[in-house]
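Okay, so here's the structure we're looking at.
The values are calculated or read from the model by the stated rules, or taken from the named source; none is laboratory data. Predicted, not measured: the structure shown is a model, and the values here were computed from it. Positions of Cβ are backbone-derived with ideal geometry, glycine not excepted, and every protein chain shown enters the neighbour counts. For the accessible areas, the whole protein counts, side chains as well, though only heavy atoms, and no ligand, DNA or RNA atoms are used. Shrake-Rupley method; radii C 1.70, N 1.55, O 1.52, S 1.80 Å.
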Amino acid sequence: QHVAMAKLYDDPAFPTTMISPSEIAAMHPLVDVSGIECGVFTPHDGDVDPTMLTTAISRDAQAAGAKFRFNAEVQSVRKLGAESGSVDGGFEVVVKGEDGADEVLTADAVVNAAGLWSRRFSNQLGLPHPAYAIEHQYAVTETLPQLKGLVGDGQRVPVLRDLAGSSYIRQERDGLLVGPYEDEVIVHTEWPEGP
């Protein structure tokens, strides 16, 4: 069923396929395949390390002339020269510097990278923001010998998804992050701007 559904969104160059237990074992040294009949493999499926992604984007932005201000908390942001919700015009950003004084900056573009508080940022610009914070638990293991050094070599084991048990296991540095999805997850729609 999942392989058939994947055809709706797969990249034809990297199709989702059914794989054998021996193929699973070759891809992931920590999987006990003795009770597994088959697996579903989606090439390039995985996760994004937020720190690595942010660093890569910031390098490209700096190469294109962007300037970064550190230790300057953003107090507010508003649209200039256009109606709220429009993409035309610039932005006025009020930041609080290290000395505690407010400073007004202008920008042609802003990036909403506020994480849990990104709804507040979108609200200030009059933009819709359909994401909400949810409560979710996960555990991170210590270093596992089978994974040690893989990230440094530019390798990672595939993300494991247990479709029956509704959980995922992905590599986190030299260990694993285990995240079960709770049955009655709490979605915090009562937080209009973040926790």
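Overview of values
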item: Residues located in segment 116-147, provided they are out of contact with any helix residue (DSSP H, G or I) (no Cβ under 8 Å at 6 or more places or on another chain) and among the small types (G, A, S); result: S118, S122, G126, A139
item: Qualifying residues in segment 36-57 (those that are open to solvent by less than 80 Å² (accessible area, probe 1.4 Å), farther than 21 Å from G179 by Cα and modelled with pLDDT of 90 or more) - the one farthest from the chain's Cα centre (by Cα); result: C38
item: Total residues in segment 161-195, condition touching a Gly at 6+ places or on another chain (Cβ under 9 Å) and in contact (Cβ under 8 Å) with a residue 60 or more places away in the chain; result: 2
item: Selection count, segment 129-160, where residues are open to solvent by 80 Å² or more (accessible area, probe 1.4 Å), out of contact with any Lys or Arg (no Cβ under 9 Å at 6 or more places or on another chain) and touching a residue at least 12 places away in the same chain (Cβ under 8 Å); result: 7
item: Some residue of segment 116-133 being aromatic (F, W, Y) and in contact with a Gly (Cβ under 8 Å, 6 or more places away or on another chain); result: yes
item: Filtered residue count, segment 103-121, keeping only those that are closer than 30 Å to E172 by Cα and out of contact with any strand residue (DSSP E or B) (no Cβ under 7 Å at 6 or more places or on another chain); result: 10
item: Close pairs from segment 60-74: first among the charged types (D, E, K, R) and at pLDDT below 90, partner open to solvent by less than 90 Å² (accessible area, probe 1.4 Å) and part of a loop (DSSP other than H, G, I, E, B), Cβ under 9 Å, at least 6 apart; result: R69/G97; E73/G97
